[in-house]
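The values are calculated or read from the model by the stated rules, or taken from the named source; none is laboratory data. This is a predicted model, so every value here is computed, not measured. Cβ sites come from the backbone with ideal geometry, for glycine too, and all protein chains shown count toward neighbours. Heads up: the accessible areas ignore ligands, DNA and RNA and are worked out on the full protein's heavy atoms, side chains in. Shrake-Rupley method; radii C 1.70, N 1.55, O 1.52, S 1.80 Å.
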Amino acid sequence: MSNPIKVIKNGIIDENPTFVQVIGMCPTLAVTSSAINGIGMGLSTAAVLICANLFISLLRKIIPDKVRIPCFIVVIATFVTIVEFLLKAYLPALNASLGLYIPLIVVNCIILGRAEAFASKNGPIDSICDGIGNGLGFTIALACIGLVREFIGSGTLFNITVLPEAFPRTLLFIMAPGAFFTLGCMMAALNHFRNKKKA
Amino acid sequence: MYLILLLLAGVFVNNYVLSQFLGICPFLGVSKKVDTAAGMGAAVIFVIVLACAASWLVYNLILLPLNMTYLYNIAFILVIASLVQFVEMFLKKSVPSLYQALGVFLPLITTNCAVLGVAVVNMQNEYDLITSIVNGVGGAAGFALAIILFAGIRERIEDNDTPKAFDGFPMALVTAGLMSIAFLGFSGLISL
């Protein structure tokens with residue numbers, strides 16, 4: 001795993017956290033009522049993931065094996081706190097709409113999962129690439145779900161109205177059930193293509 | 001009266017899983033059988049109640065007086081992680097039968113965002129100790145209700161013919177969506 005491009009591509013496509021590994025579901029479903037929220041959440045998570053991966057990789061020989069999980073959690077929580085402060089200071093509107101889900105990045109299984117599976121076993125450069133790959137994969141997935149829900153639910157894309165006013169909005173899609181339906185149907189579509197490819 | 005309303009609101013109206021998306025990972029992960037779902041639900045109720053009390057104490061007795069509230073996130077996750085570890089050791093020693101029943105699910109709870117979520121919500125709303133615990137019980141009971149109902153439905157789905165592309169997760173997600181619509185019916189029932 002010394003080829004950085006390969007590591008990044010692996011995170012975005014082959015092991016996409018949302019569609020292939022199916023982890024980190026809570027923010028995926030909760031904040032994707034619009035594309036901008038989805039991208040904001042994705043990038044915040046990616047930032048935490050990259051920093052946490054880097055530091056855990058640097059510290060991997062110092063951290064005793066038995067207490068590694070609490071150590072990882074402290075590192076992750078530190079970066080989440082930093083990201084929360086940055087958002088509060090520079091993007092207060094985004095911070096308000098993501099709300100509770102920013103502190104909850106700590107318990108996003110993607111970050112702890114990558115720390116345990118990758119950063120604690122690989123060098124800092126590879127770990128950064130792995131963070132970028134998985135972070136971007138997560139962001140892209142959230143953006144796709146956000147775009148679909150925003151389009152169907154409020155007739156806009158990135159807050160710009162695209163559907164004519166006369167066309168009815170399906171409000172359900174920006175509420176909780178829409179999140180489950182959108183993700184379910186997208187995963188089913190991906191499965192369908194994969195089955196076709198195999199056959 | 002307010003506390004009873006808060007409890008009911010947690011179970012039905014603001015159901016943590018179906019309307020706020022907290023604790024989706026265990027909700028999708030351990031809901032294949034009703035027995036395991038019930039075990040997970042019980043373990044979550046147990047841990048959330050303890051975590052609400054512990055995080056309230058840490059926040060109000062340590063972080064507030066020291067003006068270190070900005071550390072709440074790190075403090076809470078450490079409290080929860082050590083609490084889960086402690087509960088596991090305690091049950092193993094003194095209530096082995098309960099430990100046997102909950103065993104596998106306990107370590108998983110650390111990464112259940114419902115636990116941290118309830119602690120953060122309690123802090124943001126500045127609830128007092130009793131209100132925090134009631135809110136925790138309501139939220140956890142809502143989680144248990146949702147996961148047990150969901151497991152019941154999934155057991156039935158196993159025996160049915162689903163389109164091939166929908167096998168597994170997609171079908172589970174669509175089912176959760178339908179349940180979520182059903183729970184939308186409760187909204188407006190209670191206003192706090």
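The table below gives the values:
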{"read-out": "Entirely in segment A:71-178, the helices (runs of 4 or more DSSP H) that have 3 or more residues that are free of Cβ contacts under 8 Å to residues at least 24 places away in the same chain", "value": "A:92-98"}
{"read-out": "Qualifying residue in segment A:58-66 (condition: within 13 Å of another protein chain (Cβ to nearest Cβ) and over 29 Å from B:Gln20 (Cα atoms))", "value": "yes"}
{"read-out": "Only one of A:Leu98, A:Leu87 that is surrounded by fewer than 24 Cβ atoms within 10 Å (Cβ to Cβ), modelled with pLDDT under 90 and within 14 Å of chain B (Cβ to nearest Cβ)", "value": "A:Leu98"}
{"read-out": "Filter result (touching a Lys or Arg at 6+ places or on another chain (Cβ under 9 Å) and farther than 22 Å from B:Ala114 by Cβ) within segment A:4-48", "value": "A:Gly11, A:Ser34, A:Ala35"}
{"read-out": "Any hit, segment B:35-54, residues being among the polar types (S, T, N, Q), part of a helix (DSSP H, G or I) and more than 11 Å from chain A (Cβ to nearest Cβ)", "value": "yes"}
{"read-out": "Where a residue in segment B:54-67 is touching a residue at least 12 places away in the same chain (Cβ under 8 Å) and its partner, wherever it lies, is of a type in the set (Ser, Thr, Tyr) and open to solvent by 30 Å² or more (accessible area, probe 1.4 Å), with Cβ under 7 Å and at least six apart", "value": "B:Leu63/B:Thr69"}
{"read-out": "Options A:Asp130, A:Asp126; residue that is more than 14 Å from every other protein chain (Cβ to nearest Cβ), of a type in the set (Asp, Glu) and more than 18 Å from the chain's Cα centre (by Cα)", "value": "A:Asp126"}
{"read-out": "One residue from A:Ala96, A:Ala77 being within 18 Å of A:Gly131 (Cα to Cα) and either out of contact with any helix residue (DSSP H, G or I) (no Cβ under 9 Å at 6 or more places or on another chain) or among the small types (Gly, Ala, Ser) (or both)", "value": "A:Ala77"}
{"read-out": "Residues (away from every other protein chain (no Cβ under 11 Å) and touching a helix residue (DSSP H, G or I) at 6+ places or on another chain (Cβ under 8 Å)) located in segment A:172-199", "value": "A:Ile174"}
{"read-out": "Pair list, Cβ under 8 Å, 6 or more apart: segment A:38-55 residue closer than 17 Å to A:Pro103 by Cβ, other residue not in a helix (DSSP H, G or I)", "value": "A:Gly40/A:Val31; A:Gly40/A:Leu91; A:Met41/A:Val31; A:Met41/A:Thr32; A:Ser44/A:Ile102; A:Thr45/A:Gly24; A:Thr45/A:Asn108"}
{"read-out": "Test result for A:Ile12, modelled with pLDDT under 90, more than 13 Å from chain B (Cβ to nearest Cβ), surrounded by fewer than 18 Cβ atoms within 10 Å (Cβ to Cβ) and more than 21 Å from A:Ile76 (Cβ to Cβ)", "value": "no"}
{"read-out": "Test for A:Ala89: is it of a type outside the set (Val, Ile, Thr) and touching a Phe, Trp or Tyr at 6+ places or on another chain (Cβ under 8 Å)", "value": "no"}
{"read-out": "Evaluation of A:Leu136 against (1) within 14 Å of chain B (Cβ to nearest Cβ); (2) within 29 Å of B:Thr110 (Cβ to Cβ); (3) in contact with a helix residue (DSSP H, G or I) (Cβ under 7 Å, 6 or more places away or on another chain) (one fails), failing number", "value": "(1)"}
{"read-out": "Listing of helices (runs of 4 or more DSSP H) fully contained in segment B:98-170 that carry 3 or more residues being in contact (Cβ under 8 Å) with a residue 12 or more places away in the chain and open to solvent by less than 20 Å² (accessible area, probe 1.4 Å)", "value": "B:113-124, B:129-158"}
{"read-out": "Scan of segment A:101-110 for residues that are touching a Gly at 6+ places or on another chain (Cβ under 8 Å), crowded, with 21+ Cβ neighbours inside 10 Å and closer than 24 Å to A:Pro64 by Cα, ordered by number", "value": "A:Asn108, A:Ile110"}
{"read-out": "Of all residues in segment B:6-41 being open to solvent by 50 Å² or more (accessible area, probe 1.4 Å) and modelled with pLDDT of 85 or more, the one that is farthest from B:Thr131 (Cα to Cα)", "value": "B:Phe12"}
{"read-out": "Number of positions in segment B:68-97 that are surrounded by 14 or more Cβ atoms within 10 Å (Cβ to Cβ) and among the polar types (S, T, N, Q)", "value": "2"}
